[in-house]
Amino acid sequence: MTDQNDILFERARAVIPGGVNSPVRAFKAVGGTPRFIQRAQGAYFWDANDKRYIDYIGSWGPMILGHGHPAVVEAVQKAVLEGFSYGAPTEREIELAEAILALVPSMEMVRLVSSGTEAAMSALRLARGATGRKTIVKFEGCYHGHADALLVKAGSGLATFGNPTSAGVPPEVVQHTLVLEYNNLQQLEEAFALHGQDIACLMIEAIAGNMNFVRATPAFAKRCRELCTQHGALLIFDEVMTGFRVGLHGAQGVLGITPDLTVLGKVIGGGMPLAAFGGPRAIMEQLAPLGPVYQAGTLSGNPVATACGLATLKEISKPGFYEALAKKTRTLVDGLKAAAAVEGQPFNADSEGGMFGFFLMNELPQNYATVMTTDNAQFNALFHGLLDRGVYIAPALYEAGFVSAAHSEDDIAATIAAARDIFRKR
Ligand SMILES: *Cc1c(COP(=O)(O)O)cnc(C)c1O
């Protein structure tokens, strides 16, 4: 039988760089042919060969209700009939803003945009504009989208700033970005002692989902808050992944920490291009048209995307939603751990709400460098083993996983059984 994914991949590579519109989709880390998805429903999607997979990426987080939730589909269909985009304000934007603010008490105002990259980039500009400072602090392994100033790796010491990680980013553009090790309290203290009066903001994924799944320790997160306050810098929680994913109030709710600015995306669009950033009124009023910090977008607050986001937020706000989702995700994580233990596979895993990570090592890593000590070949064998058995996890070992409300106990049990089979035969 000819593999339709192979045929599509060849066609795609002729017209799209690498055949994909976002690099991780290309399976470069794990090898093999990317699966071209035809359709999705509930916890599953089907590739070009009509093979079914249990989906644990959920569009990298947004599909928290599963695919094709009837209430969301209905809201989107209704919105489409009313028009795709107007470039003028709508009542639905107010409704979504009100819904977001009700769920994230640290935000008094919010601006809607179309992607997480755009939201993080705009929050950064706002922080610099509001403080009149240049320096930004970020952590190795945290991803905040692909704005120039954020495509940076650590320099050779705390006195030196970062180096670009992408061609096309001049070193001058990242010369005000300081990259620190996640969960390294001593480095954090030193950075603020050295550069405190120049720091506009510290941006962090307080539960990191772009180096697999790594939590900031409570002490580390608390110290980030204290040092920012002490030095007049803004604390920015990038909750594009964790917002409405680890819990109804995000990572800030889980940790009990109030950031100055919050960046949201993924779940708030329910699978449509929608993201947001927000915070206290006095800071947000620095934005155009009220203030001097420019920010704009032709499709910002798009009427179809806001309908999708609103319908999604309504469903996840129902009583018991996160309890059920977290329980299901823990069942998966505990089951995988037990299966690995029986088969003698070094393994550990963690989860919060509907987000999880697992590691082919006995300890839970605390930072990016440790995550990256994972045995690549072992991860790739697990990835392809699961794929063959109809289970789709992220095609890279530094990505988190996602469970949706649509995953059934049978789906979870089948996933654990598939993993155990692979561990046994390794
Ligand atoms: C996905 C992600 C982004 C980027 O969002 P896009 O919509 O892909 O631009 C930013 N920050 C975090 C934490 C993310 O997970």
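Quick look at the values:
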quantity	calculated
Calculated P(r) of region 70-316 - Cα pairs past 30 Å, %	24
Calculated FRET value between ARG39 and VAL342, using beta carbons and R₀ = 30 Å, to 0.05	0.25
Karplus (6.51, -1.76, 1.60) ³J(HN,Hα), θ = phi - 60°, over region 379-395, in Hz, Gly and Pro reported as x	5, 5, 5, 5, 4, 6, x, 5, 4, 4, 8, x, 10, 10, 10, 4, x
Helix-only mean residue ellipticity at 222 nm for the chain, each DSSP H run of n ≥ 4 adding -39500 (n - 2.57), per residue, nearest 500	-11500 deg cm²/dmol
FRET E, pair LEU194, ARG426, Förster distance 51 Å, beta-carbon r, rounded to 0.05	0.65
Distant-in-sequence amide H partners of LYS153 (H built 1.01 Å from N, under 5 Å)	ASN163, THR165
Pairwise centroid distance, computed over Cα atoms, of region 265-290 with region 316-346, Å	32
Difference of contour (0.36 nm per residue) and Cα-Cα distance, LEU248 to ALA296	14.5 nm
Two-site FRET efficiency, LEU185 against GLU82, from Cβ-Cβ distance with R₀ of 30 Å, rounded to 0.05	0.05
Karplus (6.51, -1.76, 1.60) ³J(HN,Hα), θ = phi - 60°, over region 276-293, in Hz, Gly and Pro reported as x	7, 9, x, x, x, 3, 4, 7, 5, 6, 6, 7, 4, x, 7, x, x, 8
Which of GLY301, THR258, LEU287, positive extreme of dipole for the chain (C-beta unit charges)	GLY301
Additional length obtainable on full extension of the chain from LYS318 to ASP375, 0.36 nm per residue less Cα span	16.4 nm
For q = 0.07 Å⁻¹, Debye-computed log10 I/I(0) when each Cα of the chain counts as one equal scatterer	-0.33
Contour excess over end-to-end distance, with Cα ends at GLU95 and SER156 and 0.36 nm allotted per residue	17.2 nm
Rounded to whole Hz, the Karplus (6.51, -1.76, 1.60) HN-Hα couplings of region 324-341, x for glycine and proline	5, 5, 5, 5, 5, 5, 5, 4, 4, 5, 5, x, 5, 4, 5, 4, 5, 4
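No value in this document is a laboratory result; all are computed from the given coordinates. Worth saying up front: this structure is predicted, and the values here are computed from it rather than measured. Ideal geometry is used to build each Cβ from the backbone, glycine not excepted, and the neighbour counts take in all protein chains shown.
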